[in-house]
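Undergrad: Would you mind keeping the following structure in view while I ask a few things?
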Amino acid sequence: MPANILLVEDEPAIQELIAFNLTQAGHHVLRASTAEAALTLVKNALPDLVLLDWMLPGISGIEVAKRLRADERTRHVPIIMLTARSDEQDKIAGLETGADDYITKPFSPRELLARIKAVLRRRAPQMTDDTVEIRGLKLDPVTHRVSGAESPIDLGPTEFRLLHFFMTHPERVHSRSQLLDQVWGDHVFVEERTVDVHIRRLRSALEPSGHDALIQTVRGTGYRFSTQG
């Protein structure tokens with residue numbers, strides 16, 4: 001599934017090469033050559049993943065990673081550090097700032113894409129193309145098909161994204177504002193009660209197969225997708 005990737009790299013040739021390969025793989029790429037530009041872009045729209053060069057002019061990539069992890073809004077955005085440093089201590093330092101992975105230059109486009117896929121699967125599984133199946137409810141992001149007890153379920157695009165997010169984050173309680181950020185997108189100004197409307201539509205669509213009970217209301221908090229039913 002295409003991801004919005006923020007590429008922070010100050011060397012034009014490397015930035016161009018990485019951006020080209022990411023675009024060819026179907027991802028949408030935002031580019032920044034400095035830490036300041038990267039932090040401004042993040043304020044405007046939350047990316048699905050950040051590719052962050054260690055050695056940046058001015059504020060370093062390590063400092064950017066620290067700031068992203070210190071902010072509640074950006075704390076969970078996956079980060080992959082890009083660096084020419086291969087020393088083990090440097091690798092540990094990068095990971096200790098909160099980076100999810102670390103790739104040493106030079107690297108092949110294939111290796112980078114594989115690392116991105118692995119990090120997204122671990123940190124943002126709703127961004128992958130993997131089919132998800134829970135208690136007879138099956139969702140395929142590639143074909144955009146959902147079935148319950150082997151019968152097709154017709155969902156609108158928002159309900160599909162909502163169900164995909166729920167199924168890839170089972171048992172966790174999500175507030176309405178968190179669901180808005182994750183499903184509708186960061187900086188999208190939608191009433192929180194809109195979430196309730198789409199939850200009702202989703203439950204209604206899942207009712208014939210009996211899977212509506214998997215979506216639980218947690219009073220005063222939000223919603224949870226429970227594998228227990």
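What follows is calculated from the coordinates using simple rules that are stated; it is not laboratory data. Since this is a predicted model, take the numbers as computed values, not measurements. Ideal geometry is used to build each Cβ from the backbone, glycine not excepted, and the neighbour counts take in all protein chains shown.
Undergrad: Within the chain, count lysine pairs with alpha carbon atoms under 29 angstrom apart where the residues are 8 or more positions apart or belong to different chains.
TA: Lysine pairs, 8 or more places apart or on different chains, close enough: 11.
Undergrad: Report the Stokes-Einstein translational diffusion coefficient (µm² s⁻¹, integer) for segment 9-52, Rh taken as the Kirkwood radius over Cα pairs, at 25 °C with viscosity 0.890 mPa s.
TA: Values: Rh = 10.9 Å.
Taking Rh from Cα pairs, D becomes 224 µm²/s.
Undergrad: Note down the relative contact order for the chain as a percent, whole number, built from C-alpha pairs under 8 angstrom at least six residues apart.
TA: The normalised contact order for the chain reaches 14 percent.
Undergrad: Please report, in debye to the nearest 20, how large the charge dipole of the chain is about its Cα centre when each Lys and Arg carries +1 at its beta carbon and each Asp and Glu carries -1 there.
TA: That gives the chain a dipole magnitude of about 560 debye.
Undergrad: Using only alpha carbon pairs under 8 Å that are at least six residues apart, calculate the relative contact order of segment 132-225 and give it in whole percent.
TA: 28 percent
Undergrad: A follow-up question, please. How much space per residue, in cubic angstrom, does the convex hull of the C-alpha atoms of segment 132-225 take up?
TA: Enclosed volume per residue, from the Cα hull, is 90 Å³.
Undergrad: Longest exposed-loop-site-free stretch of the chain, with chymotrypsin sites (Phe, Trp or Tyr not before Pro), DSSP loop and at most 15 other Cβ within 10 Å?
TA: 1-106
Undergrad: Same structure again: Which trypsin sites (Lys or Arg not before Pro) from segment 195-229 combine a DSSP loop assignment with at most 16 other Cβ atoms within 10 Å?
TA: Answer in residue order: 219.
Undergrad: Ok, one more. Rg and Dmax of the chain, Cα atoms, in Å?
TA: Taking only Cα atoms of the chain, I get Rg and Dmax of 19.2, 58 Å.
Undergrad: If you don't mind, there's one more thing I want to ask. Of all beta bridges DSSP finds with both residues in the chain, what is the antiparallel percent, to the nearest 5?
TA: Counting DSSP beta bridges with both partners in the chain, the antiparallel share is about 50 percent.
Undergrad: At 7 Å along Cα-to-Cβ for each site, give me the label-to-label distance between residue 173 and residue 96 in nm.
TA: 3.5 nm
Undergrad: Here is a follow-up. So if we plug the beta-carbon distance of residue 118 and residue 24 into 1/(1 + (r/R0)^6) with R0 = 30 Å, what FRET efficiency do we get, rounded to 0.05?
TA: Plugging the Cβ-Cβ distance into 1/(1 + (r/R0)^6) gives 0.95.
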